[in-house]
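A short write-up of the structure that comes next.
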Amino acid sequence: MSFIDKVIHTLDDCKDDSYIEDDLHSIKEHIKVLINSKDDNKGLSSLGELDLNVKNLSVLMSEKIYHIISTYEHRIRILSIEYDDLLSPWQLTFFIRFCYINDNFKEFSIQIIFRNNRYCEVL
């Protein structure tokens, strides 16, 4: 629990209830920050300057997303990454299936959506 979460939980009227942190939301927010970062070592900003067709760009971006998540997000293990380029060039969507490192029986999925603006959405 972060410091701000502790303060809010302490000052909240329902402080007698147990605090449960939403790990999935935290993981999504962390991935969103990592992918939207401007640092070329972490983010995808350098891919915008390449001249590729949609299929090659999708494969290259999925490899980069896999590398970013597996390097900087240590709470999960990626099982698969698929992409949907039906709405390209306006939208490119990646579907990521993952499980927690300590629990291989529950699988979760998130979507990373790149639209025609500069930032991605993580749903």
Worksheet item: Filtering region 19-29 down to residues that are open to solvent by 60 Å² or more (accessible area, probe 1.4 Å) and either part of a helix (DSSP H, G or I) or at pLDDT below 75 (or both), which residue is nearest to T71 (Cα to Cα)?
Response: E29
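Residue-wise test of (1) surrounded by 14 or more Cβ atoms within 10 Å (Cβ to Cβ); (2) among the hydroxyl-bearing types (S, T, Y); (3) modelled with pLDDT of 90 or more; (4) part of a helix (DSSP H, G or I).
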{"residue": "V7", "(1), (2), (3), (4)": "no, no, no, yes"}
{"residue": "T10", "(1), (2), (3), (4)": "no, yes, no, yes"}
{"residue": "D17", "(1), (2), (3), (4)": "no, no, no, no"}
{"residue": "N41", "(1), (2), (3), (4)": "no, no, no, no"}
{"residue": "G48", "(1), (2), (3), (4)": "no, no, no, yes"}
{"residue": "K55", "(1), (2), (3), (4)": "no, no, no, yes"}
{"residue": "I78", "(1), (2), (3), (4)": "yes, no, yes, no"}
{"residue": "P89", "(1), (2), (3), (4)": "no, no, no, no"}
Practice prompt. Considering (1) over 13 Å from K32 (Cα atoms); (2) without any contact (Cβ under 8 Å) to a residue 40 or more places away in the chain; (3) surrounded by 14 or more Cβ atoms within 10 Å (Cβ to Cβ), say which one I113 fails and leave the rest.
Written response: (1)
Response to the item:
Taking region 52-62 and keeping only residues that are of a type outside the set (V, I, T) and farther than 17 Å from S37 by Cβ, one is left with L52, N53, K55, N56, L57, S58, L60, S62
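Here are some residues: F105, F98, F94. Which one is at pLDDT below 90, aromatic (F, W, Y) and either closer than 26 Å to D5 by Cα or out of contact with any Pro (no Cβ under 7 Å at 6 or more places or on another chain) (or both)? Give the steps one after another, and end with the answer.
Working: F98 fails: at pLDDT below 90; F94 fails: at pLDDT below 90.
From the options F105, F98, F94, the qualifying one is F105.
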Worksheet item: Of all residues in region 96-106, which are more than 15 Å from I69 (Cβ to Cβ) and either assigned to a strand (DSSP E or B) or in contact (Cβ under 8 Å) with a residue 12 or more places away in the chain (or both)?
Response: D103, N104, F105, K106
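Quick one: which of Y72, Y100 is within 20 Å of N36 (Cα to Cα), of a type in the set (F, W, Y) and surrounded by 13 or more Cβ atoms within 10 Å (Cβ to Cβ)?
Only one candidate passes the filter, namely Y72.
The values are calculated or read from the model by the stated rules, or taken from the named source; none is laboratory data. Keep in mind that this is a model prediction, so the values were computed, not measured. Cβ atoms come from the backbone with ideal geometry, glycine included; neighbour counts cover every protein chain shown. The accessibility values were calculated without ligands, DNA or RNA, using every heavy atom of the protein model including side chains. Shrake-Rupley method; radii C 1.70, N 1.55, O 1.52, S 1.80 Å.
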